[in-house]
């Protein structure tokens, strides 16, 4: 009589299969995580491309001038949310870096949080009142001192030299800020920084593997290593050759050069 055909795994064989699967997963997971982060970074830059088009259309229709910063109309630093509204359409996804979509009011924490400035009657953030991008407030077209920041330092217009190193918009923990060359980085990566005197920290967030995505005045979009934020021309008098500040522990091993 022929031997009975065995159809089941033994316990040892099952454990071997599970071990092999676990080993393969441990090998593949870092690659999958890296691929997922890379995909989100690409989507982030795609969103910034939409904002680049909005800024371009606005300045072309306003004699190359950027929006005026008007206290009360959109609140502090928020004039862009109003001035650009006719140009970015109704697509709300472009307000968010895919790495930072959860509002702080819903448990979002830095550097992966969206800012919130207003809610509806039910306590939900309103479109345009929350997001995870912000403006370099030194580009606003103004002729008066605002919050102690001189108007002489502002860019006001796209008709300037070196536009490829002048940031106008990008990953940000607030709607914008006035970075200065003596600003210092926050001491902890997870800090929520709300001091205008150190507002480069609004942009100094590790969302994209030691870097953030930035839209420049020439409409180019680049991944900027965080330490290179101190080498961008944020305002007319920003000294890009000034010695780097003392780096906190969380930034110490980040590259100082460009990618």
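Here, each number is a calculation from the coordinates, and none is a lab measurement. Bear in mind that the values here come from a model prediction, so they are computed numbers and not experimental data. Here the Cβ is made from the backbone with ideal geometry for all residues, glycine too, and neighbour counts use every protein chain on show.
Values as computed for the structure displayed
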{"item": "Percent RCO, i.e. relative contact order, over region 176-259, from Cα pairs under 8 Å lying at least 6 residues apart", "result": "31 percent"}
{"item": "Protection-proxy order for peptides 249-256, 133-140, each taking the mean of Cβ atoms within 10 Å per residue, highest first", "result": "133-140, 249-256"}
{"item": "Contact order normalised by residue count of the chain, Cα under 8 Å, 6+ apart, percent", "result": "17 percent"}
{"item": "Distance (nanometres) between label positions extended 7 Å along Cα→Cβ at residue 106 and residue 218", "result": "3.8 nm"}
{"item": "Compactness of the chain, expressed as Rg and Dmax over alpha-carbon positions, Å", "result": "23.2, 101"}
{"item": "Between 0 and 90°, nearest 10: helix 11-60 axis offset from the chain longest Cα axis", "result": "20 degrees"}
{"item": "Expected 222 nm ellipticity per residue - DSSP helices of 4 or more, -39500 (n - 2.57), all of the chain, to 500", "result": "-8000 deg cm²/dmol"}
{"item": "Length released on extending from residue 163 to residue 192, taking residue separation times 0.36 nm less the Cα-Cα span", "result": "7.5 nm"}
